[in-house]
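Peer 1: If you scroll down you'll find the structure; I have some questions about it.
All of the numbers you see were taken from the coordinates with simple rules; none came from a lab. As the structure is a prediction and not an experimental result, all values here were calculated from the model. Positions of Cβ are generated from backbone atoms using ideal geometry, with glycine treated the same way; all protein chains shown enter the neighbour counts.
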């Protein structure tokens, strides 16, 4: 007999039962569901809504059930539909008919909303901690290789040289914004919906503030309709998660390129790569490839929930059951990605010999040669044209700008003098960019100190 079956004259169709049941995925809410029920039962007793003795029986039964859930010693049933009905059934088996008093003054509508808020508070804290671990790894590697110069790119073409530490710290600051979005989403998650009932509140003299205090929520929902229908905080999480995955995907793309033989700037540790079943020489960057691929999966969950919500009237509708699977899958995708990236970054080898060889073949110092001519009095557009011809000449003769003679420079402009050779030095090119946020060693040192302050390491 269903707990809600009093007005029904026939049993639920088995296909309907299977299609509408959520216990297959919402059983991961078991612990928070029990925590919420303990707080609710305690309040019912304290407010005299049920006898104190009954409240204590409920609390003791729920605590013993929580222990069994944590030990994996309970079995959930599809015919009980969801985690709430399963817990109530299991509690009834332990304490008898008094279990029926637990649902006094609440509905599954505000109960499931409470469970998701409690669950997401923990999840958001886990994500922020994982982001911080990855940021710490980036700072450590940036410090270790703080003086290594690599080609910088625009349009995936060589542009200007930068320090690899500067490049890695770009991801630190992306992740800093991600951490801020996670913290911001936490504010809207840290709200308690319990007490809203099915949609209109309850006739029992409950004390919502008492439950709020027990469960550690910062705020209460002030409108019962809003409390049971709000999923904005989950959309915020999925949006923040999508941006975070996008940043990891961009980083993945660079690690995939950098670890290829064509670039060879880094080598990923064997533990984060796989081989080929056919080609013995292969070392494939499967982890960053999968992170790149799974990013679309997270985007899909964001669009899925937005679509579920877009046409829903107030208050609760069964459509809202669709809020969980995408959120759970996003968590199961995002957290391992962050943990794996932390390990990959910490263990990757920077191949300085390959980077030096790559720099010997490029013209990323050309802009500085143009700036040199500007400082000599030539308008920038004319200087740009002169250096363009100089690059063309060097390409035709198999040289780079550091290998040209002074006569070859003067053949393009009489303004060139011996001091041009200091200008084209890659160290000079990098270190002239001293403005805050630039790639000069001094500017990157400042960045590193700021990053450490953000992490509480300085």
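Peer 1: With the cut-off at 1.5 for a/c, could you classify the range 358-455 from its C-alpha gyration tensor as rounded, prolate or oblate?
Peer 2: Note, shape of the range 358-455 comes out prolate.
Peer 1: Apply the a/c threshold of 1.5 to the C-alpha gyration tensor of the range 5-104 and tell me whether it is rounded, prolate or oblate.
Peer 2: Oblate is the answer for the range 5-104, as a/c is 1.5 or above yet b/c matches or exceeds a/b.
Peer 1: Rounded to the nearest 500 deg cm²/dmol, what is the calculated helix-only ellipticity per residue at 222 nm for the chain, with -39500 (n - 2.57) per DSSP H run of length n ≥ 4?
Peer 2: The helix-only estimate for the chain comes to -20000 deg cm²/dmol at 222 nm.
Peer 1: Pairs of Cα atoms under 8 Å, at least six residues apart: use those to get the relative contact order of the chain, whole percent.
Peer 2: About 15 percent, as a whole number.
Peer 1: When a/c reaches 1.5 or more, the comparison of a/b and b/c decides; with that in mind, is the range 274-378 rounded, prolate or oblate per its Cα gyration tensor?
Peer 2: Judged from the Cα gyration tensor, the range 274-378 comes out oblate (a/c at least 1.5, b/c at or above a/b).
Peer 1: Quick check for you: which residues of the range 54-68 have the amide N under 11 Å from the point 7 Å beyond the Cα of residue 46 toward its beta carbon?
Peer 2: So the set is empty, nothing qualifies.
Peer 1: Using 7 Å Cα-to-Cβ label points, what is the residue 367/residue 78 separation (nm, one decimal)?
Peer 2: The answer from the label model is 6.2 nm.
Peer 1: When the chain is fully extended, how far beyond the present Cα-Cα distance does residue 53 get from residue 222, taking 0.36 nm per residue of separation?
Peer 2: 57.7 nm
Peer 1: How far apart, in nm, are two points set 7 Å out from the Cα along the Cα-to-Cβ line at residue 260 and at residue 303?
Peer 2: If labels sit at residue 260 and residue 303, their model points lie 2.7 nm apart.
Peer 1: Right, here's the next one. To test your reading of the geometry: what angle, between 0 and 90 degrees and rounded to tens, separates the Cα axis of helix 52-70 from the longest principal axis of the chain?
Peer 2: Once rounded, the angle reads 40 degrees.
Peer 1: From Cα pairs below 8 angstrom and at least 6 apart in sequence, can you work out the relative contact order of the range 109-352, rounded to a whole percent?
Peer 2: Contact order relative to length: 23 percent.
Peer 1: Also, quick follow-up: Do you know the relative contact order of the range 329-458, to the nearest whole percent, from alpha carbon pairs under 8 angstrom that are 6+ apart?
Peer 2: It comes to 17 percent, rounded to a whole number.
Peer 1: Here's a follow-up. R0 = 41 Å: FRET efficiency of residue 267 with residue 442, Cβ-based, nearest 0.05?
Peer 2: Efficiency for this residue pair is about 0.90.
Peer 1: For residue 349 and residue 147, what is the calculated FRET efficiency with R₀ set at 22 Å and r taken between the beta-carbons, to the nearest 0.05?
Peer 2: Computed FRET efficiency for residue 349 and residue 147 comes out at 0.85.
Peer 1: Can you give the angle from 0 to 90° between the axis of helix 30-46 and the longest principal axis of the chain, with both taken from C-alpha atoms, to the nearest 10?
Peer 2: The angle comes out at about 50 degrees.
Peer 1: Compute the long axis of helix 323-347 from its Cα atoms, compare it with the longest principal axis of the Cα atoms of the chain, and write down the angle in degrees, 0 to 90, nearest 10.
Peer 2: 40
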